[in-house]
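The values are calculated or read from the model by the stated rules, or taken from the named source; none is laboratory data. All values reported here derive from a predicted model rather than from experimental measurement. Glycine also receives a Cβ, built like all others from the backbone with ideal geometry; neighbour counts cover every protein chain displayed. In case anyone asks, the SASA skips ligands and DNA or RNA and just uses the protein heavy atoms, side chains included. Shrake-Rupley method; radii C 1.70, N 1.55, O 1.52, S 1.80 Å.
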Amino acid sequence: MLFTKLLGSIILVAGVLGDVHSAFRDRRQAIPVDSCSERPTFGERRRCAVKDGVNQLLKKRDEDWSWGERVQAEAIIALHLAKYRVFKKTKAFLYISVKQMNIDLLSALSKDNSLTSKEWGRGKLAYYILGMKATCQDPRDFYDHDLIDKLKSHLTNSSSYLDSNKFAYSLILIALCKAGEPIDTHNLDAISTTPGYYTFGVDEASLVYMAYHCVGNSTYKNAEDAAFNFILQAKNENGTFGNEYSTALAVQAIFASGNRTLRRQAKTGIDYMINSIERSKVPFTSLLLSVLPAIARKSLLDIGSWHCPTTEQGTTTLSTPTFLIGITVFNNITAIDYEHTWSAPLQQGQTLFDALINLNNTDQTFSFKSKTTTWGQYITSFNLMTASTDNRQYWQISGTDGNPLQYGASQTFPSQGDRYTFKLTIW
């Protein structure tokens, strides 16, 4: 019955696309992969690498929109952190892979209801619970299965393995923490170690640090700091923290810390990972799963931090605005010298693009146009000032800090008091 229900959902999703397999197969063949190595700035090169890496990862799906057995959740997490903050059901070419993740898990549950096998009981379920959180699903009610209770049981059933593998143990604690579960102190004791000693080096220290940082128990602040200091001290002369996989986890830990003064510590590591993608031309799936979140400057602790849709259609439609954000349009490169600022109404959970729509509907002095692209809504004009592609113009979006946004307007979720500037710019 569960499989019938889930397959029915997949058929419905496929119907949105028509002949979904042939249509997207053709689309996958047509996706261009441009080199990022000649981008003029590090920021542009990094954003280009994220875009190309996401394309590469999507292209690696098979005929069933799958990345392979027990890899679905890691792929969904990588896409979530790198680009797709919310997997909307209206984006069927993406959401069908969410359903594949669910099928992968349901298939395992049909064979082993407790998921106690080595493949699932030693940390793999933690990835799938994080995948649930990334796709706005409730791991406590997954087709009548309580995945949280199953994961907690693994801490006992797989204790002999986990006691010697703090990487897997910490991953489980991160999944429980992100699911809002309280963590017992004996579990936090279990991932503690002699300062400076980690069986799996930087990889283990990074997961241990993120687990402590997620829980936020001040009693374990020394253990948390010891793990973080180990990571920083492990940085090599060339700016890496080991291979691509170790470097990716170290960079995740640095960004999870929230310490903006340390971000420069991660720059050479990110550059190294970008070079790895460039060198390989067709990077392994495992490489993309590891490096994409780090290149996007995100960590496992960012999973589920964006607002989930509130309607079946996957959009947030609330009528009364709850806060205002600033919108400035600036143009000093054409004959029209223009600068004007508005206060745009916005609901919690709506995007910056929603703010433009709301402003367009409530203020006669504001208008804009956009077009739909693979990467979301692309702004083409404000108040009849149109960016000319012939003149290499585009509307650059900057945030409150004055830096260009990592994502477009339709994938940016503002907060109270944020200010955004749309500046007509030449590339």
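Among all positions in the stretch 117-137, there is no residue which is surrounded by fewer than 24 Cβ atoms within 10 Å (Cβ to Cβ), at positive phi and free of Cβ contacts under 8 Å to residues at least 40 places away in the same chain.
Given the conditions (1) in contact with a Phe, Trp or Tyr (Cβ under 6 Å, 6 or more places away or on another chain); (2) closer than 30 Å to Asp52 by Cβ; (3) in a strand (DSSP E or B), report the number of the one that Trp342 does not fulfil. Just one mismatch for Trp342, condition (2). Residue pairs whose Cβ atoms lie under 8 Å apart, sitting 6 or more positions apart in sequence or on different chains, and linking a residue in the stretch 243-265 that is polar (S, T, N, Q) and open to solvent by 30 Å² or more (accessible area, probe 1.4 Å) to a partner that is part of a helix (DSSP H, G or I) and at pLDDT 85 or above, are Gln265/Leu232; Gln265/Ile254. Evaluate the following for Tyr209: is it touching a helix residue (DSSP H, G or I) at 6+ places or on another chain (Cβ under 9 Å), of a type in the set (Phe, Trp, Tyr) and not in a helix (DSSP H, G or I)? No.
Within the stretch 348-382, the residues that satisfy the criterion of being within 19 Å of Thr425 (Cβ to Cβ) and part of a helix (DSSP H, G or I) are Leu352, Phe353, Leu356. Summed over the stretch 174-188, the residues that are open to solvent by less than 10 Å² (accessible area, probe 1.4 Å) and under 19 Å from the mean Cα position of the chain (by Cα) give a count of 3. The C-beta contact set for the stretch 349-371 (first residue more than 19 Å from Ser398 (Cα to Cα), second residue open to solvent by less than 30 Å² (accessible area, probe 1.4 Å), distance under 7 angstrom, 6+ apart or interchain) comprises Gly349/Thr316; Asn358/Ala344; Asn358/Pro345; Asn358/Leu346; Asn360/Phe366; Thr362/Pro345; Asp363/Trp342. Taken over the stretch 53-96, the criterion of being small (Gly, Ala, Ser) and either at pLDDT below 90 or open to solvent by 10 Å² or more (accessible area, probe 1.4 Å) (or both) is satisfied by Ser66, Gly68, Ala92.
Being open to solvent by less than 50 Å² (accessible area, probe 1.4 Å), under 29 Å from Leu81 (Cβ atoms), out of contact with any strand residue (DSSP E or B) (no Cβ under 9 Å at 6 or more places or on another chain) and among the hydrophobic types (A, V, I, L, M, F, W, C) holds for only one residue in Phe323, Phe413, and it is Phe413. Output yes when any residue across the stretch 330-342 is open to solvent by 20 Å² or more (accessible area, probe 1.4 Å), at pLDDT 85 or above, more than 19 Å from Ile254 (Cα to Cα) and among the aromatic types (Phe, Trp, Tyr), and no when none is. Within the stretch 330-342, one or more residues are open to solvent by 20 Å² or more (accessible area, probe 1.4 Å), at pLDDT 85 or above, more than 19 Å from Ile254 (Cα to Cα) and among the aromatic types (Phe, Trp, Tyr).
Being in contact with an Asp or Glu (Cβ under 9 Å, 6 or more places away or on another chain) and assigned to a strand (DSSP E or B) is a condition met by at least one residue of the stretch 399-420.
In the stretch 97-116, the residue that is farthest from Leu171 (Cα to Cα) out of those that are surrounded by fewer than 19 Cβ atoms within 10 Å (Cβ to Cβ) and of a type in the set (Ser, Thr, Tyr) is Ser110.
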